[in-house]
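*Asks:* My questions will all concern the structure given below.
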Amino acid sequence: MKNKFVLLLFIFMTALFAGACGKKSSAHDVPKQSEAADEQKKEEKESRREGGNSRTAEEGEEKGEKEEKPPASAVKLGDDFDEAYDGFAYLQCETLILKPDEYGERTQEKTLKIFLPFGEYTSVNQNIGYADSRGMDLKVALSPFLLGDDADTLEETLKNHIEAEYDVFFNIAVYDLELSEIETMENGVKGVVKYCYYDKWTDSFMPVYCTYYLTQTADEMVLVEVEINLMDVREGMEERLAELEAFYGFDIAWDAKEAQKKLENFMAAGVPDTIRETTGYLLFELPKGWEADYSYGYETDTFAPGGSVADAGCAISISQEYMGAGRIDITESLSSEAAQEAYIAGFTEGAAYTVEDVKIEAYGSTCMGEAMKCSFRAEREEGEMEAVMFLITNENYFSVVFVMAVPDKFEETLAVAENILANGRTYP
């Protein structure tokens with residue numbers, strides 16, 4: 001077991017110090033990340049258009065000029081109506097398709113006619129319909145993937161879905177979260193979520209309202225999700241919402257003045273000066289401006305100011321590995337002076353750089369378990385680096401929080417890491 005600890009640390013330290021030796025990583029420059037994220041979002045939306053009868057917002061307005069329209073409530077979700085139905089000024093008819101599954105539980109193809117807003121990003125991908133229009137994101141899924149048991153009621157199913165969607169470990173940009181009680185409707189159940197979303201690229205918050213509606217038709221569940229954010233709302237939103245409500249049969253939560261007030265109250269209470277980060281198993285805070293440096297792959301989660309270890313001259317990396325069913329205790333393994341000396345000898349001999357002043361001492365309890373602290377200096381051609389490895393065990397997991405920096409940045413970087421160890425939260 002001890003040899004495995006040493007091997008993991010060699011791999012971990014070599015990768016980090018190699019990256020700190022002046023390697024440039026322009027892919028992690030913050031403005032370029034923002035552009036890449038925007039481009040990716042655009043591509044994702046474009047890809048949704050395949051298979052859908054996409055129309056522009058202008059075409060929708062022209063459609064709205066036609067006269068003598070049937071009442072907007074003439075058709076409802078689940079009705080069997082003509083696809084050519086032309087009773088909405090701002091919506092277009094689409095058909096969701098649910099194909100037979102490979103396990104034979106669904107032997108026949110099923111279809112569901114729905115309405116989506118006209119817009120550049122309106123499309124259908126088999127059993128899911130999408131629309132991104134004027135500050136509103138709409139998603140309609142026939143037989144959606146939902147957590148829970150078959151015996152769960154609609155209320156229980158929707159409640160579990162919403163709670164999973166807003167689990168802070170996986171939705172770290174959500175602040176001031178409000179979850180409503182699940183409301184029973186005539187043909188389904190509804191839940192409303194309100195929050196302030198943090199956009200790290202603009203370092204700003206925006207209020208968002210999400211309405212979730214779950215119903216059952218033709219022996220299949222249908223989930224409707226409507227998300228509206230104040231910053232992107234444009235003229236004509238109310239008219240579109242009225243038509244969507246008429247077809248889908250539930251009220252969509254939205255009040256621009258209330259949303260603005262929610263944002264003002266949140267800002268007045270004090271805006272956080274840190275940002276949330278997560279590795280999936282650990283939730284913690286970092287100073288604003290710190291970003292993940294993805295050039296180190298996925299074995300570790302590495303963070304640095306600006307997202308570049310090479311440019312910042314400092315980093316914090318976090319890794320965790322399952323070590324087997326038997327309980328392990330690093331403090332017990334390194335409790336004796338002889339064990340520490342043997343560990344240091346093996347560590348120094350196997351290091352990729354000249355390592356000096358290695359010292360091991362008990363650190364105590366952390367959010368991830370009991371820890372030993374291994375500090376040292378590394379001499380490189382480019383200069384000296386100071387480093388600390390927190391070796392942590394908890395039952396059968398071995399974790400390493402690795403701090404390294406040039407001397408003049410070491411203390412502030414170490415303080416960030418110690419805050420993670422003291423105040424982080426492990427999942428679940």
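*Asks:* Which residues, counting only those in the range 127-150, are in a strand (DSSP E or B) and under 25 Å from LEU230 (Cβ atoms)?
*Replies:* Those that are in a strand (DSSP E or B) and under 25 Å from LEU230 (Cβ atoms): GLY129, TYR130, ALA131, ASP132, SER133, MET136, ASP137, LEU138, LYS139, VAL140.
*Asks:* For ILE328, which of the numbered conditions (1) surrounded by 15 or more Cβ atoms within 10 Å (Cβ to Cβ); (2) of a type in the set (A, V, I, L, M); (3) modelled with pLDDT of 95 or more fails to hold?
*Replies:* Every condition holds for ILE328 apart from (3).
*Asks:* Something else now. Considering the range 386-428 alone, what residues qualify as being within 21 Å of GLY289 (Cβ to Cβ), of a type in the set (Val, Ile, Thr), open to solvent by 10 Å² or more (accessible area, probe 1.4 Å) and within 27 Å of the chain's Cα centre (by Cα)?
*Replies:* Selection gives VAL416 alone.
*Asks:* Quick one: which residue in GLU186, GLU220, GLU227, GLU245 is without any contact (Cβ under 8 Å) to a residue 24 or more places away in the chain and at negative phi?
*Replies:* GLU245
*Asks:* Does GLY307 satisfy the criteria of being within 16 Å of LYS409 (Cα to Cα) and surrounded by fewer than 16 Cβ atoms within 10 Å (Cβ to Cβ)?
*Replies:* no
*Asks:* Which of (1) in a helix (DSSP H, G or I); (2) out of contact with any helix residue (DSSP H, G or I) (no Cβ under 7 Å at 6 or more places or on another chain); (3) among the aliphatic types (A, V, I, L, M) does VAL271 not meet, given it meets every other one?
*Replies:* For VAL271, the exception is condition (1).
*Asks:* Report, by residue number, each residue of the range 192-203 that is open to solvent by 50 Å² or more (accessible area, probe 1.4 Å) and over 15 Å from ASN171 (Cα atoms).
*Replies:* TRP201, THR202, ASP203
*Asks:* Something else: Pairs under 6 Å by beta carbon, first residue at positive phi and free of Cβ contacts under 8 Å to residues at least 40 places away in the same chain in the range 358-382, partner polar (S, T, N, Q) and not in a loop (DSSP other than H, G, I, E, B), six or more apart or different chains?
*Replies:* GLY369/THR393; GLY369/ASN394
*Asks:* Only one of (1) of a type in the set (Val, Ile, Thr); (2) over 19 Å from the mean Cα position of the chain (by Cα); (3) surrounded by 16 or more Cβ atoms within 10 Å (Cβ to Cβ) fails for VAL208. Which number is that?
*Replies:* In the conditions (1) of a type in the set (Val, Ile, Thr); (2) over 19 Å from the mean Cα position of the chain (by Cα); (3) surrounded by 16 or more Cβ atoms within 10 Å (Cβ to Cβ), VAL208 misses (2) alone.
The values are calculated or read from the model by the stated rules, or taken from the named source; none is laboratory data. Quantities reported herein were computed from a predicted structural model and do not represent experimental measurements. Neighbour counts run over all protein chains shown; Cβ positions are idealised from the backbone, glycine included. With ligands, DNA and RNA removed, areas are computed over all heavy atoms of the protein, side chains included. Shrake-Rupley method; radii C 1.70, N 1.55, O 1.52, S 1.80 Å.
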